[in-house]
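The values are calculated or read from the model by the stated rules, or taken from the named source; none is laboratory data. Keep in mind the model is a prediction, meaning the values are calculated, not measured. FYI the Cβ positions are ideal-geometry reconstructions off the backbone, even for glycines, and counts take in every protein chain you see. Remember, those area values only see protein heavy atoms, side chains included, never the ligands or the DNA or RNA. Shrake-Rupley method; radii C 1.70, N 1.55, O 1.52, S 1.80 Å.
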Amino acid sequence: MLTLSVEARTALGKKARILSGAGKLPAVFYGKKEPATAVTVSAREFDKVWREAGESVVITLLGLGADKEALIHRVDLDPVRDTPRHVDFYVIEKGQKVRVAIPLEFTGVAPAVKELGGMLVKVIHDLEVEAEPHDLPQAIEVDVSVLLNFESQISAGDIALPTGVTLVTPREEVVVLASEAKEEEMETAAPAADLSAIE
């Protein structure tokens, strides 16, 4: 279980920018029955948790009364340094299911690629699912070894999900397929204009 300590924050708006100099990151948590509360987190600790959890793993927020289970809902990045400058946490109501997009991990080797020289085309890179927080997987594996030829494809409904996880993405939506590699045709140069026809 991933945890993150939070502290109450009084500096709001532009004043919150001074927190970055102290290694703090301004944040807010809220939920369906949870009022918006301004907090700060350690910038270093958040970066570590974010890299490991992404936005599909439940994090336990510590430090303000009862522990709160939350998802990283939104991360505002600095356009120049590409580092977080503000974070939104969505607090999950206990006993309630949540809908999140889980990243896909493609495993195996597709015979249509290895033996027929085709190309693996990944149409989507995550699946939207619904589950209770403790049932959410960090990633969902997709075995591409079933792609035997260029007519083969894997749809969302073909992917096995962990117990307690329900698919929200339409079952018929194509996830990955093998495509025949086509050589780019050389463009034929247009014939030069007949100079004698130009007055």
Point-charge dipole on Cβ atoms (K/R +1, D/E -1) for the range 72-126, about Cα centre, debye to 20: 140
Out-of-range pairs (alpha-carbon distance over 32 Å; input Lys94/Lys122; Lys48/Lys122; Lys24/Lys94): Lys94/Lys122
Counting all C-alpha pairs of the range 80-136, share separated by more than 19 Å (%): 60
Against the rule of thumb 2.2 N^0.38 Å, how large the Cα Rg of the range 82-185 comes out: 1.33
Proximal aspartates and glutamates relative to Lys68, as straight alpha-carbon distance under 12 Å, when same-chain residues fewer than 8 apart are discounted: Glu34, Glu93
Ile102 - accessible surface, heavy atoms, 1.4 Å probe, Å² rounded to 10: 0
Largest to smallest accessible area among Phe46, Phe106 [probe 1.4 Å]: Phe106, Phe46
Ranked order, Tyr30, Tyr90 - accessible area, probe 1.4 Å, largest first: Tyr90, Tyr30
